[in-house]
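To keep things clear, I will list the structure first and then write my remarks on it.
The values are calculated or read from the model by the stated rules, or taken from the named source; none is laboratory data. Treat the numbers as computed from the prediction; the structure is a model and nothing was measured. A quick note on method: Cβ atoms are made from the backbone with ideal geometry, for glycine too, and the neighbour counts reach across all protein chains shown.
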Amino acid sequence: MLVSEKDTALTMGSGDLPVLATPALVAFMENTAKKLISLPATQSSVGVSVSLRHLKPSPVGAELRCEACLEREEGRRYTFRIAVFDNAGELIGEAQHERVAVDVERFMRSVVSAS
């Protein structure tokens, strides 16, 4: 990931400074984990929890690398350990993240009926 203006706390409204926003860090982590799950076309996965430590600020232009490891798969539930590093190899953030596989049609029906 290359940190851009759209990824900053100032732009996202999660803070007042032009550095990587925690919500952008979470999205980067979740997307990386999501790519590790192989599901049929009728299914997808949704994030259900994130336990995160955002350890170091990253300025616009910083290059970040995300590493995710599937720690556990229990039925439809997937648990990941995730770490993000800057181009100097310093740890920017770490998280434990859970995703659950869902049937896309059934899930979207539940969203429509809930609104």
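Checking each residue in the range 8-64 for being under 17 Å from Asp86 (Cα atoms), among the hydroxyl-bearing types (Ser, Thr, Tyr) and touching a Leu at 6+ places or on another chain (Cβ under 9 Å) picks out Thr8, Thr22, Ser58. Taking the numbered list (1) free of Cβ contacts under 8 Å to residues at least 60 places away in the same chain; (2) over 20 Å from Pro59 (Cβ atoms); (3) surrounded by 15 or more Cβ atoms within 10 Å (Cβ to Cβ) in turn, Ser113 passes all entries but (3). In the range 58-76, the residues that are among the charged types (D, E, K, R) reach residues that are modelled with pLDDT of 95 or more and outside any loop (DSSP other than H, G, I, E, B) with C-beta atoms within less than 6 angstrom, at least six apart or across chains, in these pairs: Glu63/Leu2; Arg65/Phe85; Glu67/Ala83; Glu71/Thr79; Glu71/Arg81; Arg72/Thr79; Arg76/Val100; Arg76/Ala101. Restricting Glu30, Glu74 to residues that are modelled with pLDDT of 95 or more and surrounded by fewer than 14 Cβ atoms within 10 Å (Cβ to Cβ) narrows the list to Glu74.
Given the residues Ser38, Ser44, which is the only one that is closer than 22 Å to Gln96 by Cα, surrounded by fewer than 16 Cβ atoms within 10 Å (Cβ to Cβ) and of a type outside the set (Lys, Arg)?
On inspection, the qualifying residue turns out to be Ser38.
From the list Ala88, Ala68, the lone residue that is buried (at least 17 other Cβ atoms within 10 Å of the Cβ) and either assigned to a loop (DSSP other than H, G, I, E, B) or aliphatic (A, V, I, L, M) (or both) is Ala68.
Scoring Arg99 on the criteria (1) basic (Lys, Arg); (2) touching a helix residue (DSSP H, G or I) at 6+ places or on another chain (Cβ under 9 Å); (3) surrounded by fewer than 17 Cβ atoms within 10 Å (Cβ to Cβ) leaves a single failure, condition (3). Check the range 106-114 and report whether any residue there is at pLDDT below 95, among the β-branched types (Val, Ile, Thr), in a helix (DSSP H, G or I) and over 14 Å from Met1 (Cβ atoms). So far as the range 106-114 goes, yes, one or more of its residues are at pLDDT below 95, among the β-branched types (Val, Ile, Thr), in a helix (DSSP H, G or I) and over 14 Å from Met1 (Cβ atoms).
Across the range 19-72, the number of residues qualifying as more than 23 Å from Glu90 (Cβ to Cβ) and touching a Gly at 6+ places or on another chain (Cβ under 7 Å) comes to 0.
If you check Arg53, Arg81 for being among the basic types (Lys, Arg) and either in contact (Cβ under 8 Å) with a residue 24 or more places away in the chain or not in a strand (DSSP E or B) (or both), only one passes: Arg53.
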